Amino acid sequence: MRKWIIGVSLVLMCLIPVSSAFALDTLTPYVFLDGKKMVFKDQKPIIVQGRSLVPLRVIFEALGAKIKWDDLTKTVTATKDQTIITYKIGELIGKRNNELINIPVSGQLIQGTTLIPLRFVSEALGCIVSWDENSRTISISSKTKTLVDVTNILDGNIVEIKGGENTDKLVLIGFDQLDGGQAAAATDWLAGQLTNAKIWIEPDVQQRNKQGYLLAYVYKEDGTMLNSQIFAKGFAKVSMEAVNQRWNELLSYVQNGAKNAKVGLWSTPTQS
């Protein structure tokens, strides 16, 4: 009887698709490209060994690249302007023109759809990619950004910056003000993130407030969007009436993740 059970178990294991053996996380992440939530009809993104894999064609075409697929060699080629990107399914290396790009986990071919690690998108097309665990949201930004130095932390959402010889004050946008009970924690957190750091800044429609401060989405050099992390930690509520709304849908998803996790200002039942 024991041998029969073991034999049946081995047969069942053989029947499981190879991809499912790696897709340990079955919850589908949400993907936002330049503020717009993406829709994946045929194959949704998956998590493999803690890495997000996304449909290559949908992402690259949305970013303006043209895609060709070689079924014989299982190689995909993406072309955008003067950049040619190639990747062969199963490899841990891709190529951008003559430059090799290391990939943390190999891409997969699932039901005719090529899925690649999300970070490959960043490396290949120069986008910035960010992830929030509570809301399971991925943001991809292809907008023009400027790299500046942070010289001082003034508040939980205001910093002094320097670009070349120019200095300025910058406000992280997405909300009107920090929650009163979270302001000190937000300031300490931001100081821990940005003291003596460099950041990428991305403007929206309104580029300065009434005080003349710059308004921007702020990214660390590793791609983390600090605006969304303010909501992920429950330091503030999203302002839906603001002029700058490019990332509001994403910020709302992240805020809901903080609500569900009951962190920051959402840790008390009186908040809504």
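Expressed in nm to one decimal, what extension gain is obtained for the pair Asn166 and Leu100 from 0.36 nm per residue of sequence separation less their Cα-Cα distance? It would help to have the intermediate numbers written out before the result.
On the way: separation 66, 0.36 × 66 = 23.76 nm, distance 3.60 nm.
Contour length minus Cα-Cα distance gives 20.2 nm.
How much length is gained if the chain between Asp149 and Gln82 is pulled fully straight, taking 0.36 nm per residue apart and subtracting their Cα-Cα distance, in nm to one decimal? Display every interim value, and only then the final one.
Numbers: separation 67, 0.36 × 67 = 24.12 nm, distance 3.04 nm.
Difference between extended and current length: 21.1 nm.
Please give the calculated 222 nm ellipticity per residue for the chain, where each DSSP H segment of at least 4 residues contributes -39500 (n - 2.57) and the sum is spread over every residue; nearest 500 deg cm²/dmol?
Working: 7 runs with 67 residues, N = 272.
Helix-only estimate at 222 nm: -7000 deg cm²/dmol.
Taking the Cα centre of the stretch 25-133 as the origin, how large is its charge dipole in debye, to the nearest 20, when only Lys and Arg (+1) and Asp and Glu (-1) carry charge on their Cβ atoms?
Using only the charged Cβ atoms, the result is roughly 220 debye.
Could you check how much of the accessible area of the chain is carbon and sulfur, as a whole percent, using a 1.4 Å probe? List each step's numbers first, then the result.
On the way: 7590 of 14840 Å².
After summing per-atom areas, the C and S share lands at 51 percent.
What distance in nm separates the simple spin-label points at Asp70 and Glu133, each placed 7 Å from Cα in the Cβ direction?
Between Asp70 and Glu133, the simple spin-label model gives 4.1 nm.
Tabulate in residue order the Karplus-calculated ³J(HN,Hα) for the stretch 122-137, using 6.51 cos²θ - 1.76 cosθ + 1.60 with θ = phi - 60°, rounded to whole Hz; enter x for Gly and Pro.
Values, residue by residue: 4, 5, 6, 10, x, 8, 10, 10, 9, 9, 10, 6, 4, 9, 6, 10 Hz.
What whole number of Å gives the distance from the Cα centroid of the stretch 183-231 to the Cα centroid of the stretch 140-175?
6 Å
I'd like to compare 181-188, 68-75: which one has the highest average count of other Cβ atoms within 10 Å, and what's the full order after that? Could you put the intermediate results ahead of the total?
Values: 181-188: 15.9, 68-75: 11.0.
Put in order of decreasing packing, that is 181-188, 68-75.
Over 24 Å between Cα atoms: which of Lys74/Lys145; Lys145/Lys262; Lys80/Lys162; Lys145/Lys210 fall into that group?
Lys74/Lys145; Lys145/Lys262; Lys80/Lys162
Using semi-axes √(5λ) of the Cα gyration tensor in Å as the read-out, say which of [x] 38, 25, 15; [y] 26, 22, 18; [z] 34, 22, 16 was calculated from these coordinates.
Among [x] 38, 25, 15; [y] 26, 22, 18; [z] 34, 22, 16, the one calculated here is [x].
Counting heavy atoms of the protein chains only and a 1.4 Å probe, report the per residue accessible area for the chain as a whole number of Å².
Details: 14840 Å² over 272 residues.
Value for the chain: 55 Å² per residue.
Working from Cα positions, state the angle (0 to 90°, nearest 10) between the long axis of helix 183-194 and the longest principal axis of the chain.
Helix 183-194 sits roughly 60 degrees off the main axis of the chain.
Could I have the simple spin-label model distance between Glu91 and Asp34, label points 7 Å from Cα toward Cβ, reported in nm to one decimal?
2.8 nm
Using a 1.4 angstrom probe with every protein chain in place, what is the largest-first accessible-area order of Met240, Met225?
Working: Met240 95, Met225 0 Å².
Descending order: Met240, Met225.
Using Cα pairs under 8 angstrom and six or more residues apart, how large is the relative contact order of the chain, in percent? All intermediate terms of the calculation are to be shown ahead of the outcome.
On the way: 514 pairs, mean separation 40.6, N = 272.
Relative contact order here is 15 percent.
The values are calculated or read from the model by the stated rules, or taken from the named source; none is laboratory data. Because the structure is predicted, anything quoted here is derived from the model rather than measured. Glycine also receives a Cβ, built like all others from the backbone with ideal geometry; neighbour counts cover every protein chain displayed. Heads up: the accessible areas ignore ligands, DNA and RNA and are worked out on the full protein's heavy atoms, side chains in. Shrake-Rupley method; radii C 1.70, N 1.55, O 1.52, S 1.80 Å.
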